[in-house]
Amino acid sequence: QVQLVESGGGFVQPGGSLRLSCAASRSIYSINTMGWYRQAPGKQRRLVAFITSGGTTSYGDSVKGRFTISRDNAKNTIYLQMNSLKPEDTAVYYCNADQGYYLGTYLGDYWGQGTQVTVSS
């Protein structure tokens, strides 16, 4: 089991920046993939970015070039640096830890409680 706690959300004007953090209750060194998702009102939860245990990253098309995901295994924390924020980035942002597969068995994933990001003038 792992508990995830997000922080860093808030209110920001268009063009501004925020950095989200997701602190895990145990070591994330062996967690296959950690990621950020977001869900706007009335819409489905969508992938924002993920980072693998090997450091490979991937981003949703709408955030490429503006957001950067990183992980600090020593602090059991991942981050999402969000720059050039737009009103359409407004959503609840969720942290996810996906343990992947072991010997053909899916080990499950975990979610944080979410943090609100509001971009508005």
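Normalised by the number of residues in the chain, the average gap of Cα pairs under 8 Å and 6 or more apart makes the relative contact order 36 percent.
Taking θ as phi - 60° and the Karplus parameters 6.51, -1.76 and 1.60, the scalar couplings of the range 107-121 work out to 8, x, 9, 9, 10, x, 8, x, 9, 7, 10, 10, 10, 7, 9 Hz in sequence order, x denoting glycine and proline. Using a probe radius of 1.4 Å on heavy atoms only, what accessible surface per residue do you get for the range 54-121? Whole Å² is fine. Value for the range 54-121: 52 Å² per residue.
Here the accessible area is traced with a 1.4 Å probe on the protein chains. For the range 68-121, carbon and sulfur cover 49 percent of it. For the range 16-121, the list of chymotrypsin sites (Phe, Trp or Tyr not before Pro) that fall in a loop by DSSP and count at most 13 other C-beta atoms within 10 angstrom reads 29. Among the trypsin sites (Lys or Arg not before Pro) in the range 1-108, those located in a DSSP loop and surrounded by at most 14 other Cβ atoms within 10 Å of their own Cβ are 26, 43, 64. Between residue 44 and residue 113, the modelled labels are 2.8 nm apart [label points 7 Å from Cα along Cα→Cβ]. Could you check which residue among 14, 87, 41 shows the biggest mean-square fluctuation in a GNM of the chain with a 10 Å Cα cutoff? It is 41. Within the same chain, lysines fewer than 8 places from residue 43 are excluded, and of the rest, those with a Cα less than 30 Å from its Cα are 64, 86.
Here the Karplus curve 6.51 cos²θ - 1.76 cosθ + 1.60, taken at θ = phi - 60°, turns the phi angles of the range 26-36 into couplings of 8, 4, 9, 4, 9, 6, 4, 9, 10, x, 10 Hz, with x standing for Gly and Pro. Given springs between every Cα pair under 10 Å in a Gaussian network model of the chain, which of 107, 18, 85 has the largest fluctuation? Of the options given, 107 has the highest mean-square fluctuation. Annotation: residue 70 carries an accessible surface of approximately 50 Å², with a 1.4 Å probe and no ligand, DNA or RNA atoms counted. Label separation (residue 57 vs residue 99): 2.7 nm, computed from points 7 Å beyond Cα along the C-beta direction.
The values are calculated or read from the model by the stated rules, or taken from the named source; none is laboratory data. As the structure is a prediction and not an experimental result, all values here were calculated from the model. A quick note on method: Cβ atoms are made from the backbone with ideal geometry, for glycine too, and the neighbour counts reach across all protein chains shown. Side chains are part of the model used for accessible areas, which takes the heavy atoms of the whole protein and leaves out ligands, DNA and RNA. Shrake-Rupley method; radii C 1.70, N 1.55, O 1.52, S 1.80 Å.
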